[in-house]
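Remarks on the structure that follows.
The values are calculated or read from the model by the stated rules, or taken from the named source; none is laboratory data. Since the model is a prediction, treat every value here as computed from it, not as a measurement. Neighbour counts run over all protein chains shown; Cβ positions are idealised from the backbone, glycine included. The area values use the complete protein model at the heavy-atom level, side chains included, leaving out ligands, DNA and RNA. Shrake-Rupley method; radii C 1.70, N 1.55, O 1.52, S 1.80 Å.
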Amino acid sequence: MAETGLDAGPKKLAASVGEFVGANEAYYAREFDKIQSATKFPWSWNTMAAVAGPLWGPARGLWGFFWTFIVLELLALVQIGRGLWGDLGADKVARADKLLERSNALFEKGKIALQNGESDAQGLITTAGNLKRAAERLMDQADLAAAQATTLLAVGLVVFVAVRVVEGFYANLAYEKRYLEWRGNPLVASGLDWKNAVFGVVLWLGIVPLTLYRFTVSNPHELITRFPMDKQLFTPVANTMEGWFDWLATHGAGVFDGITRSIRAVLDGLEVALVATPWPVVMLVIVVTAWRLAGPRVAVFTAASLAYLAFLGLWEVSMVTVALLGAAAFLCLLFGIPLGIWFGKNERAYQVALPVLDFMQTMPAFVYLIPIIAFFGTGKPPGVLATVVFGMPPVIRLTALGMRQVPAGTREAAVAFGCTRGMLLRDVEIPLAMPSIMAGVNQTILMCLSMVVIASLIGAGGLGKNVLEALQYAAKGQGMLAGLAILFCAMVIDRIIQGHYKRTAGSGLV
């Protein structure tokens, strides 16, 4: 192994190790020296770790050691418990008893029916016989499962011993790594910590016995298998939240209607431009725009994508999707980039907004539709709003990240040369943060794309409706063609924006 920088001599190493370990200094100094000087795997054995198992880790501040090996040992202990006292065939015996009980009842019923000359007597007796044979097969399976107890016990013991051996060989390697961390940072925990050791014992007692009881006892108490709480609390809380939604929908109707009208006006304008305008004009304008902003390669890709939409008869619904996607992405960037700049320059504001961004980004997409429908109804504007909520966090986060990554020295130099706050933001910080901002733009467009299909559930229409119909009727070809159309729409928008940024950045205009 290469030198680790500990070249102050054996005595100095022993003193340093002794200060770190607090107990058994000579042993750990010898083992650490063996590990550091080894050219192959260092066969360093720790008897205490092999005997104490995971509990050795907390005493030495190695909680990763504790959690890793307590899980591995639990797997072995469960098999040992099942082999020693686990009633392996109990569930099959219980099912067999029920079948036998049912068989006997049918058999008696069949005998009575046979005596009375009823027509279904033979069918009852035959069914009783079938149930009896099924019960006998279950009993055979139960006997076979019970015979496996010895095998499970042997496997569990072998695995348990193997895990303890691994712990014994791995302990000093992990502890030596922690020692090197301590050498670089004295704040790293060191010494023998008895509080951690006691806490580790408490955790062991809280985890291992309950887990063994759950997985080795045939009928564990429901207090262990099910949380002792019914839905008495769920219903009133749900009703209270529903009341809040109703109150907001009633008292904020004017605000919500205004937002809906504004978005509808934007969508109507986009649809007039993209749908009502003759398709050759729209195609020509889009291709020329791609050429001028992003170059010939993007223009060729744009023309090919638009041709795909046109020749497959998806032009009109694709333009509706572009209008939805364009409106949602525009709103995301309009509000997201300024917010990201503010959060990048104001750490307190960013910490306040972080839980909101986490909520927006991690809440399942279908859940967004509940308040959207409650406040804004159904249709295209609510679909755009749901897409905005889902798509805005990436551009905010990455814009804030780009602003925070601007070197402080660059800011100081710009201020020293007379930059005002506006000039500093416009001419220094935003250009330096632009790669991160553009990554956020890309991610936002893709996130908006992923909501197109979900928004169709509330009447947003467009290509998402085609995909939704394909899902309902298992129309595989229709779904794939519509999905590719959505992909091409998003890629055209992204390629034009990203290509324009690369060309302007390359020419020094940014």
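Within the full protein context, the accessible area of residue 352 is estimated at about 100 Å² for a probe radius of 1.4 Å.
Backbone geometry of region 58-64 corresponds, through the Karplus equation with coefficients 6.51, -1.76 and 1.60 at θ = phi - 60°, to 3J(HN,Hα) couplings of x, 4, 9, x, 9, 6, x Hz, x marking Gly and Pro. For region 413-510, the per residue solvent-accessible surface stands at 50 Å², with DNA, RNA and ligands left out and a 1.4 Å probe. Note on residue 94 and residue 351: the model spin-label points, each 7 Å out from Cα along the C-beta direction, lie 5.3 nm apart.
Using a cutoff of 8 angstrom between alpha carbon atoms and counting only pairs six or more residues apart, the relative contact order for the chain works out to 14 percent.
Calculate, for region 234-344, the solvent-accessible area per residue in square angstrom, rolling a 1.4 angstrom probe over the heavy atoms of the protein chains.
Values: 6360 Å² over 111 residues.
Per residue, region 234-344 has an accessible area of 57 Å².
With each label modelled as a point 7 angstrom along the Cα→C-beta vector, the residue 273-residue 366 pair spans 3.6 nm. Only protein heavy atoms count here; on that basis, with a 1.4 Å probe, residue 480 has an accessible area of about 130 Å². From the alpha carbon centroid of region 465-504 to that of region 328-397 is 22 Å. For residue 111, a cut-off of 20 angstrom between C-alpha atoms picks up these aspartates and glutamates, skipping any fewer than 8 places away in its own chain: 101, 120.
Report the gain in length on full extension from residue 162 to residue 84: 0.36 nm times residue separation, minus Cα-Cα distance, nm rounded to one decimal. Walk me through the intermediate numbers first.
On the way: separation 78, 0.36 × 78 = 28.08 nm, distance 1.93 nm.
Gain on extension, residue 162 to residue 84, equals 26.2 nm.
Going by average Cβ density within 10 Å per residue, which order do the peptides 490-503, 319-332, 439-452 take, highest to lowest? Display every interim value, and only then the final one.
On the way: 490-503: 19.2, 319-332: 24.5, 439-452: 21.9.
Averaged packing, sorted descending, gives the order 319-332, 439-452, 490-503.
Measuring with a 1.4 angstrom probe and ignoring ligands and nucleic acids, residue 279 comes out at about 140 Å² accessible.
Under 18 Å of direct C-alpha separation, and excluding same-chain neighbours fewer than eight residues apart, residue 465 reaches these lysines: 380, 476. Taking one quarter of the surface of the C-alpha convex hull of the chain gives a mean projected area of 42.1 nm². With a Förster radius of 45 Å applied to the C-beta separation of residue 292 and residue 408, the computed FRET efficiency comes to 0.75. Residues 45, 85, 56, sorted by accessible area with the largest first, give 85, 45, 56 [1.4 Å probe; ligands and nucleic acids excluded].
Give the calculated FRET efficiency between residue 15 and residue 45 to the nearest 0.05, with a Förster radius of 22 Å applied to their Cβ-Cβ distance.
On the way: r = 24 Å, r/R0 = 1.08.
Between residue 15 and residue 45 the formula returns 0.40.
Of all aspartates and glutamates in the structure, those lying under 18 Å Cα to Cα from residue 40, and not within fewer than 8 positions of it along the same chain, are 3, 31, 176.
Helix-only arithmetic for the chain: the sum of -39500 (n - 2.57) across DSSP H runs with n ≥ 4, divided by the residue total, places the mean residue ellipticity at 222 nm at -27000 deg cm²/dmol.
Carbon-plus-sulfur fraction of the accessible area of region 131-243, 1.4 Å probe, in percent?
On the way: 5110 of 7680 Å².
Answer for region 131-243: carbon and sulfur cover 66 percent of the accessible area.
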